[in-house]
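The values are calculated or read from the model by the stated rules, or taken from the named source; none is laboratory data. What you see is a predicted model; the values in this text were computed from it and never measured. Cβ: placed from backbone, ideal geometry, glycine included. Neighbour counts: every protein chain shown. All accessible areas refer to the heavy atoms of the entire protein, side chains included, with ligands and DNA or RNA removed. Shrake-Rupley method; radii C 1.70, N 1.55, O 1.52, S 1.80 Å.
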Amino acid sequence: MMDEKQRRGIGMTSQRTRERLVQRLRNEGIRNESVLAAIGNTPRHLFVDEALSSRAYEDTALPIGAGQTISQPYVVARMTEALVDDGIPNKVLEVGTGSGYQAAILAQLVPEVCTVERIRRLADQAQRRLRQLGYRNVRVRFGDGNAGWDGDGLFDGILVTAAPHGVPPELLEQLADGGRLIAPEGEQGQAQELVCYHRQGEQTTRTCLGLVSFVPMLRGTAG
Ligand code: SAH
């Protein structure tokens, strides 16, 4: 396990700095107190390179290697809120593990989290990090998330953290009745729309939650 001092942080990574981020998210309109508490509890500085740890509690995306980024805390909060606001889903799939930060937030809110990453190095690193930090209800897999997560039934929530042009039908098929899928849709470098698909029986509705900017969801695996 990671030592408690490291986890708590000092100076720019201290609990005080973390609380300032939470206050900022509150001011920006995040209302769900459990989501805010999860962000306040999560040592984001341990999900980025040490050289960037002093910037970990700014509300910005940061590089995590392999050309990928850890999402902006506001966007993490917004997406998580959209997923849990109507009741806590039992089992959630995240596509695009990246640093593992979003998975760590989910792990504090829902009983079971599965997350899939197409870059082997990031998947391995995130798995190690989540284990060291004690998040025991997260399973990390290396693979192409376009196919979802095989062999484990349906998900009450799916959160996609890389942008496909349109959400792959295979993913929507893994959404349980009553479930929600949150994803950015569109081209990189252009305005992407954050959308929510809500499955109700035979019907699935699609609503837009605003504009975002994510790295693209690619096909196949790397490494
Ligand atoms: N949720 C992450 C940030 C995601 S960045 C965090 O909290 O840090 C987007 C991630 O999606 C990148 O790591 C990228 O490699 C991954 N990705 C892109 N296409 C993918 C695919 N088809 N399947 C799985 N992961 C994918």
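So that you can scan it fast, the table gives a plain yes or no per residue for (1) free of Cβ contacts under 8 Å to residues at least 40 places away in the same chain; (2) hydrophobic (A, V, I, L, M, F, W, C):
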residue	(1), (2)
E185	yes, no
Q190	yes, no
L194	no, yes
Y197	yes, no
T204	yes, no
C208	yes, yes
L211	yes, yes
L218	no, yes
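Scanning the range 11-28 for residues that are more than 13 Å from R55 (Cα to Cα) and aliphatic (A, V, I, L, M) returns V22, L25. Just to be sure, is G11 surrounded by fewer than 14 Cβ atoms within 10 Å (Cβ to Cβ), out of contact with any strand residue (DSSP E or B) (no Cβ under 7 Å at 6 or more places or on another chain) and modelled with pLDDT under 95? Against the criterion (surrounded by fewer than 14 Cβ atoms within 10 Å (Cβ to Cβ), out of contact with any strand residue (DSSP E or B) (no Cβ under 7 Å at 6 or more places or on another chain) and modelled with pLDDT under 95), G11 qualifies.
Is there a residue in the range 42-52 that is open to solvent by 50 Å² or more (accessible area, probe 1.4 Å) and at pLDDT 95 or above? Scanning the range 42-52, I find no residue that is open to solvent by 50 Å² or more (accessible area, probe 1.4 Å) and at pLDDT 95 or above, so the answer is no.
If you go through the range 112-121 and pick out every residue that is closer than 22 Å to G157 by Cβ and surrounded by 20 or more Cβ atoms within 10 Å (Cβ to Cβ), you end up with 6.
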